[in-house]
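The values are calculated or read from the model by the stated rules, or taken from the named source; none is laboratory data. Predicted model only: the values in this text are computed from it and were never measured. So basically every Cβ, Gly included, is an ideal-geometry build from the backbone, and we count neighbours across all protein chains shown.
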Amino acid sequence: MSQAPVKITPNGQDELPCPAPVAEVPRVDSEVLPRAQRRRFAAEYKRRILHEADHCTQLGQLGALLRREGLYSSHLTTWRRQRERGTLSHPQRGPLAVAPAVQELARVQRENQRLKKRLEQAETIIAVQKKLCDLLGLASADSQKADSR
């Protein structure tokens, strides 16, 4: 068992053992790494890989191709389906474009709903005003027009 070195003072008395020097611990960078991005493959690359995969005849050739390129078998499955449908190039991401006529129709329908609601509110207000006039015994505009004829 090793002991820490003991310091001897000039007057001959032992002092407490000196602590052993501590190695400095390297600091770890705690910065968050950027989020990984989805890989995108060009249509020409997909065609080339599919062509090579179609010509793999010996046992293990297809697996070697996939390992060499860093691909999964699901890539080949998806790309083969896309090739059959004729949509091998990667599709545009994001919302689909809407025709201007469809946008206009949706706008008009929203406005129609808004106006129907306002009409319903106005009719309710008029009905309440008529009932209030009848309760208070006031002449309403309808009854005044009928009297003037």
Would you check if Thr87 is within 14 Å of Ala43 (Cβ to Cβ), free of Cβ contacts under 8 Å to residues at least 12 places away in the same chain and either among the hydroxyl-bearing types (Ser, Thr, Tyr) or in a loop (DSSP other than H, G, I, E, B) (or both)? yes
* Looking at Leu62, is it at pLDDT below 85, within 30 Å of Arg38 (Cβ to Cβ) and in contact with a helix residue (DSSP H, G or I) (Cβ under 8 Å, 6 or more places away or on another chain)? -> no
When (1) closer than 30 Å to Arg47 by Cα; (2) of a type in the set (Asp, Glu); (3) surrounded by 10 or more Cβ atoms within 10 Å (Cβ to Cβ) are applied to Glu111, the one that fails is (1)
Considering segment 71-86, residues that are more than 15 Å from Arg38 (Cβ to Cβ) and touching a helix residue (DSSP H, G or I) at 6+ places or on another chain (Cβ under 9 Å), and then whichever is surrounded by the fewest Cβ atoms within 10 Å (Cβ to Cβ), we arrive at Ser73
